[in-house]
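Worksheet: one structure, shown below.
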Amino acid sequence: MNGGAVLSIPFRTLFYREIHRFFIVINQTLLAPVISAVLYLFIFGFSLGDRFGNFHGFSYLHFLIPGLVMMGLVNNSFQNPSSSLMISKFEGNIVDILMAPIGHVEIVLGYVLGGMFRGLLVGVCILLVSCFFALPPFSHPLYLITVALLSSGLFALLGVVAGIWAEKFDDLAMFPTFIITPLTYLGGVFYSISILPPFWRKVSLLNPLLYMINALRFGFLGVSDVNPTWSLVSLALMDAGLFALCLRMLKTGYKLRR
């Protein structure tokens, strides 16, 4: 692959289509997650926050914002490519993409970058709205941007895998219902694992979302329940592994060429 291939007309067309898809239903794809985050901020942060006390020296509102940003980012990064691939398979036009003069790397990047764009846009909108409640200090901005890019990329790649693997919409719904949402809620969005009993604290360390949420919190507040360097390395390794898996599924035509 070279730079010219990535900027080819088929790649740009696919990328534009992935962006255009969610902009035409912006009430569902952008406004809905932002309104949900505002409700969380108002109920748990603004109204009940004083009862929870401080976490790592910050108010509960400051502690809550990074988790809500990450929750919106990962959900929307996943939904864009997974739903796009599922609809293409359902309508039968996935063949048009597979037959087009476009490489496998370009196909993966087209879907992934579209998902990342949506996830990052939702995350930024949630952050902007959150600033009306409390302004986070942005302790490590470069680290923060790196974590946001790697996290959105990871769940966009997972969305590609799910979209290829799923045979019906019920299969696809399993990912957000039984995997992403429980892991997000139990990954420290609303609490620090330091308040958990020792056994459940160790169990929580098996949750990959815990490292992502705490990595983003470290970028905002400079505090984390886990090692921020290890979180970044783990994210990069998982991104690389899922990218290789997506390429493998496309090259072999897994659940696509039948």
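For the chain, the longest principal axis of the alpha carbon atoms and the long axis of helix 141-165 meet at an angle near 50°. For region 184-248, the Kirkwood hydrodynamic radius from C-alpha pairs, put into Stokes-Einstein at 20 °C and a viscosity of 1.002 mPa s, yields a diffusion coefficient of 171 µm² per second. The residues of region 10-106 expose on average 49 square angstrom of accessible surface per residue, using a 1.4 Å probe on protein heavy atoms. Per residue, the solvent-accessible area of region 139-191 (1.4 Å probe, heavy atoms of protein chains only, all protein chains present) comes to 43 Å². Only Cα pairs under 8 Å and 6+ residues apart enter the sum, and on that basis the relative contact order of region 57-174 stands at 48 percent.
The share of accessible area on region 91-165 that comes from carbon and sulfur is 78 percent, using a 1.4 angstrom probe.
Taking every alpha-carbon pair under 8 Å whose residues sit at least 6 apart, the chain reaches a relative contact order of 26 percent.
A straight chain from ILE43 to TRP230 at 0.36 nm per residue would run longer than the Cα-Cα distance by 64.0 nm. Taking one quarter of the surface of the C-alpha convex hull of the chain gives a mean projected area of 14.1 nm². Label-to-label distance, ASP171 versus ASN93, with points set 7 angstrom from Cα along the beta-carbon direction: 2.1 nm.
Please report how far the C-alpha centroid of region 67-86 lies from that of region 180-258, rounded to the nearest whole angstrom. One Cα centre to the other: 14 Å. By the equivalent-ellipsoid construction on the alpha carbon gyration tensor, region 108-258 comes out with semi-axes of 29, 18, 15 Å, ordered largest to smallest. Report D for region 48-138 in µm² per second (integer): Stokes-Einstein, Kirkwood Rh on Cα pairs, 10 °C, 1.306 mPa s. In µm²/s, the coefficient rounds to 102.
The values are calculated or read from the model by the stated rules, or taken from the named source; none is laboratory data. Remember, it's a predicted structure, so these values are computed and weren't measured experimentally. As a convention, Cβ positions derive from the backbone with ideal geometry for all residues, glycine included, and neighbour counts pool all protein chains shown. Accessible surface areas use protein heavy atoms only, side chains included; no ligands, DNA or RNA. Shrake-Rupley method; radii C 1.70, N 1.55, O 1.52, S 1.80 Å.
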